[in-house]
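Everything below concerns the one structure shown next.
The values are calculated or read from the model by the stated rules, or taken from the named source; none is laboratory data. Computed from a predicted structure; not experimentally measured. Don't worry about glycine lacking a Cβ; one is built from the backbone with ideal geometry, like all the others, and counts go over all protein chains shown.
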Amino acid sequence: MRWRSNAHVEGIYAAGDVANHFHPVCGRLIRVEHWHNAIHQGRAAARSMLGKREPYAEVPWFWSDQYDYNVQYAGCHSDWDDLVVRGSLDQRTCVVFYLQEQRIAVAVAFNRGKDMPRVMRLLKARVQVDPAALRDENVDLRSLLPGAKPVRTPQPRIVPRPVAPLSEEVR
Ligand SMILES: Cc1cc2nc3c(=O)[nH]c(=O)nc-3n(C[C@H](O)[C@H](O)[C@H](O)COP(=O)(O)OP(=O)(O)OC[C@H]3O[C@@H](n4cnc5c(N)ncnc54)[C@H](O)[C@@H]3O)c2cc1C
């Protein structure tokens, strides 16, 4: 079944595991079998029923806990020509980027779920990214988005020291 709200039969909608649809970010027909997709596509189908027709462009994403490791995957696997690791693969705290022509096709995170919202924004933007910048942990991923504002780096808090009371002689 194809998903584009009422793609083929007026009044028939599909969402979730059964829905095969053209994904503008992935650039091809895909059918995704994950909760995130089922939830968001269900909402999109409802919006479509109410007359708000927009292409469904939510980036496919899922997570799973495997023993001590939280694994998260975003994107749609197809081809890639470069593999970039941000973090430590040995210690399983990293994000692995599958790049195609310097665009992120897929990202797989091991115990780095906090990075995924930023990664997904980059993935959705389909921007070309410098592999060295992706690899460099000192580069904030938000700074790689087009039109990114300068990212503030956390500053050490300055704690005022108590001032000793002036002695009688100084006064
Ligand atoms: C073992 C397993 C583990 C999974 N683990 C994960 C995970 O860790 N993370 C993740 O993101 N996803 C996981 N998934 C996938 C996830 O469960 C599905 O992507 C999600 O449930 C899809 O939701 P859905 O509503 O499209 O379909 P479903 O949840 O399959 O719902 C379809 C419903 O339609 C009903 N139905 C079928 N035929 C008819 C009919 N003729 N008439 C009336 N009702 C009918 C079914 O009984 C069912 O209740 C897992 C799936 C399985 C099987």
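Things worth noting here:
- Residue among Tyr13, Tyr98 that alone is in contact with a strand residue (DSSP E or B) (Cβ under 8 Å, 6 or more places away or on another chain), at pLDDT 90 or above and either part of a strand (DSSP E or B) or within 16 Å of the ligand (Cβ to nearest atom) (or both): Tyr98
- Restricting the first member to segment 42-60 and to residues that are over 26 Å from Gln72 (Cβ atoms), and the second to residues that are at pLDDT below 95, the beta-carbon pairs closer than 7 Å and six or more apart or on different chains are Ser48/Ser5; Ser48/Tyr13; Met49/Tyr13; Arg53/Ser5.
- A count restricted to segment 64-75 and to residues that are within 12 Å of the chain's Cα centre (by Cα) and in contact (Cβ under 8 Å) with a residue 40 or more places away in the chain stands at 3.
- The combined condition, being in a strand (DSSP E or B), touching a helix residue (DSSP H, G or I) at 6+ places or on another chain (Cβ under 9 Å) and outside the structural domain of Ala14 (by TED's automatic domain parsing), is fulfilled by Val85.
- Matching residues, segment 48-68, being exposed (fewer than 12 other Cβ atoms within 10 Å of the Cβ) and under 24 Å from Arg92 (Cα atoms): Ser64, Asp65, Gln66, Tyr67, Asp68
- If you go through segment 70-95 and keep only what is closer than 22 Å to Ala57 by Cα and surrounded by 14 or more Cβ atoms within 10 Å (Cβ to Cβ), you end up with Gln72, Tyr73, Ala74, Gly75, Cys76, Trp80.
- Top-ranked residue of segment 44-80 - restricted to ones that are in the same structural domain as Ala105 (by TED's automatic domain parsing) and among the polar types (S, T, N, Q), ranked as nearest to the ligand (Cβ to nearest atom): Ser64
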